[in-house]
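Undergrad: This is the structure I have questions about; it appears just below.
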Amino acid sequence: MYRIIDVETENTGSDVLKDNKRIISVQIGDADKQELYYDDSKDPQHGFAKAKRQIASLLSQGYVFAGYNVLGFDIPLLKQFLKVEIPEVNIFDLCQTPRVTELKNRKFYTLEEVCGQCNIEVTHKRKMNEKAEKYKNRQDIKDLASAKARELVNNKGWSFDFSYNRVLNKIAGGNAIYDAYQEFVRSGGKKDTLFYEYAIGDVICEYRLLKKLK
């Protein structure tokens, strides 16, 4: 028995792990039913205390929590910010399946790229990417991306253009997600918001990917 577990974070910096300020939402579900819990919820049924109880309940029933790069991102952040520990035996990382390993060896790294190779729709990603475009033109974000890119050039030996584009995408994407989250909170947690669609979209596409890889 599997359930996807996925988190979104407040991260408007350039480092995927080090710049996280907090977890803003936890999503659990499969292709048919999804649950979203978020940090600023005024309803206890959608807060993190309920998320922790749900995770504990599913673990007691023998569920395995799956997801794309959960071992490198979601699981350690759940432990760091929410003090939630999931035993290794109850974790299945889609990145470790032979098909994804093969794709990554061919330079396909992101969930979006892997889903594309497996013919799984990721419309929700494209909508958030469109929102991120406006941040790429802001001078403060371009200046920050330039500074961080120079650090990568010095530390890793990458080219400036490669480093800049990599960092700019991360910073702009993080700003777009957090902006969408704030809109979601102001709406009272409505499902017809970009953030909800984005967060739940990951759960659905990751579960569909799981079914193809298992």
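Please treat every number below as a calculation from the coordinates, not as lab data. Here the structure is a predicted model, which is why all the values come from computation and not from measurement. Cβ atoms come from the backbone with ideal geometry, glycine included; neighbour counts cover every protein chain shown.
Undergrad: Cα centroid distance between region 199-214 and region 103-167, in Å?
TA: Going from one Cα centre to the other spans 22 Å.
Undergrad: Report, in debye and to the nearest 20, how large the dipole of region 2-213 comes out about its Cα centre when Lys and Arg carry +1 and Asp and Glu carry -1 on their Cβ. Kindly include the intermediate steps, with their values, before the conclusion.
TA: Numbers: 34 positive and 31 negative charges, 43 e Å.
Once rounded to the nearest 20, the dipole reads 200 debye.
Undergrad: What does the extension gain come out to for Phe160 and Glu121, with contour length at 0.36 nm per residue minus their alpha carbon separation?
TA: On the way: separation 39, 0.36 × 39 = 14.04 nm, distance 3.25 nm.
Here the segment from Phe160 to Glu121 would lengthen by 10.8 nm.
Undergrad: For a footprinting-style exposure proxy, rank Asp19, Asp43, Asp192 by other Cβ within 10 Å, fewest first.
TA: Listed from fewest to most nearby Cβ atoms, that is Asp192, Asp43, Asp19.
Undergrad: Could you tell me which of the pairs Lys50/Lys156; Lys21/Lys131; Lys52/Lys134 are separated by over 31 angstrom between their Cα atoms in the structure shown?
TA: Violating the 31 Å Cα-Cα cut-off are Lys50/Lys156; Lys52/Lys134.
Undergrad: For the chain, with the dipole built from +1 on Lys and Arg beta-carbon atoms and -1 on Asp and Glu ones, taken about the Cα centre, which of Ile204, Tyr178, Leu94 lies farthest toward the positive end?
TA: It is Leu94.
Undergrad: Over all distinct alpha-carbon pairs, what is the Kirkwood Rh of region 161-214 in angstrom?
TA: Its Kirkwood hydrodynamic radius stands at 12.9 Å.
Undergrad: Same structure again: Taking amide H atoms as placed 1.01 Å from N in the peptide plane, list the residues 5 or more away in sequence, or in a different chain, whose amide H sits under 5 Å from that of Thr9.
TA: Ile24
Undergrad: If neighbour count is taken as other Cβ atoms inside 10 Å, put Val26, Val89 in order from fewest to most.
TA: Numbers: Val26 28, Val89 8.
The most exposed by this proxy come first: Val89, Val26.
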